[in-house]
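Structure record follows, encoded as structure tokens.
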Amino acid sequence: MGRQPFGLASPAAWLIEAGVEVTCVDLAKEKLAADAVREAEVVGFFLPMHTATRLALPVIDRIRALNPSARLIAYGLYAPLNDALLRTHGVTHVLGGEFEEDLVHAVTDGSGRNGSQTAPTAIPRLQFRVPVRDGLLPLTRYATLQVLDERRTSGYTEASRGCKHRCRHCPIVPVYDGRFRVVPADVVLADVRGQVLAGARHVTFGDPDFFNGIRHADAVVRGFAREFPDVTYDVTIKVEHLLRHAEMLSVLRETGCAFVTTAVESVDDRVLAKLEKGHTRADFERVVGLCRDARLPLAPTFMPFTPWTTLHGYLDLLHVIEHLDLVEHVSPIQLAIRLLIPQGSRMLELDDVRGVTGAFDARSLTYPWTHADPTVDALQAELTELVGVRLSSPRRDVFAKAWDLAHDRAGMRAMRRQAPLVSRAAIPYLNEPWYC
């Protein structure tokens, strides 16, 4: 995700406190430390995302070859979703939500809560420690915030984990099942403090939804602003929460929020109902207006390609993005994202989804699906190729190419696009846009 990994820094604090010697290696940025692997008694793998899990499997096999006697532990959101597969690769402990305490037990005595942990009956309430980041690469190796002509070194922390919502497509749901846990504000601010001392001028709060606990969120941002008045931050918040707590938008702006990410997913109310997103197209349009009035930049994310997508529906999405003057707010990768259906996904509750999916594919770690209209799948593939080679291209240029391509594939004339109302330079953004 372009961030210094919280999922290494947080368990490192717990393990060091327990007297364990810890070596952290971020394989997104550095090579595997073969000597450290050979000397290790236990090797843990942090699997927070789908791509990370796929990339981890050959690494796990290599580590087994380097050190056959080491015990292997997988932890993080995608670990329990792929429990059986991980165990075939030699992993002995699979830990999901709120893993730190169980990781300590698994490392020190081989015990600890173990098993698939999908939709558990209880999620532990931990006494959180301040993450230890000394063994990680410097923040300058990670994503930066672009604000006008300035680049700001960025940090990352989490003020809460899990989510109290159960959006049907979300990978958090099979593990947390509508539960969330808050990290005490003093722990959050202590983690921020350390990163600011290390050079951070911006901090991403990686909570699945920052407004899950509104009073907690309010306390965190006000404490942040008091202690770090010259540091900015960004958060992720659901459309329905932005509406419900509209009075907080000005608070976010006043306390240094550079932008808000919100997972819109679709502008088709029928698709939104299938996903159980909890908002409508009209709600999204209202949020755009509210954020604009509050002078709070909005960064919408989308999942344009689902089994219900049509070519005309995709064109509608492009027209909405342009009509709302959001072209410069939307990372180009968001124009091509396709629904992923991992193990445990609530998407499989739907008859029309099961009707287009195949058997679970251990290579892709998903249930592959094929659209009933092959031209939709073909467009998604072309768009993926387009945005995949143009990650750093101007957003309006990529949008224009996607616009022309989609209209051409739909057999429609590409109508003239409106002139941009907002300059790209006016919208802060991280230079490594994230997606699963």
In Hz, Karplus ³J(HN,Hα) per residue of the range 220-231 (6.51, -1.76, 1.60; θ = phi - 60°; x = Gly, Pro): 5, 6, 6, x, 4, 5, 5, 8, 10, x, 9, 10
At 1.4 Å probe radius, can you tell me the per residue accessible area of the range 201-349 in Å²? 33 Å²
Once phi for every residue in the range 175-180 is put through the Karplus expression 6.51 cos²θ - 1.76 cosθ + 1.60 (θ = phi - 60°), the whole-Hz ³J(HN,Hα) values, with Gly and Pro written as x, are 9, 8, 6, x, 9, 8
Find, among the trypsin sites (Lys or Arg not before Pro) in the range 348-392, those assigned to loop by DSSP (not H, G, I, E, B) with at most 11 other beta-carbon atoms within 10 angstrom. 363
Tell me the GluC sites (Glu not before Pro) within the range 202-306 that lie in a loop according to DSSP and have at most 16 other beta-carbon atoms within 10 Å. 276
Show me, for the range 152-163, the HN-Hα J-couplings you get by feeding each phi into the Karplus relation (A = 6.51, B = -1.76, C = 1.60, θ = phi - 60°), rounded to Hz, glycine and proline as x. 10, 4, 10, x, 8, 8, 9, 9, 7, 9, x, 7
Between the range 39-80 and the range 184-201, the Cα center-to-center distance that results, in Å: 29 Å
Lysine pairs within the chain, Cα separation less than 27 Å, 8 or more sequence positions apart or different chains: 5
Crossing angle, helix 185-197 versus the chain [Cα axis fit, 0-90 degrees, rounded to tens]: 90 degrees
With Cβ to Cβ distances under 12 Å as the rule, what net charge do the other residues near residue 164 carry (K, R +1; D, E -1)? +1
Cut-off 14 Å between beta-carbons: net charge of the residues surrounding residue 253, Lys and Arg +1, Asp and Glu -1: -2
If you roll a 1.4 angstrom probe over the protein chains with everything in place, what fraction of the accessible area of the chain belongs to carbon and sulfur, to the nearest %? 52 percent
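The values are calculated or read from the model by the stated rules, or taken from the named source; none is laboratory data. What you are looking at is a predicted structure, and each value in this text was computed from that prediction instead of being measured. Don't worry about glycine lacking a Cβ; one is built from the backbone with ideal geometry, like all the others, and counts go over all protein chains shown. The accessibility values were calculated without ligands, DNA or RNA, using every heavy atom of the protein model including side chains. Shrake-Rupley method; radii C 1.70, N 1.55, O 1.52, S 1.80 Å.
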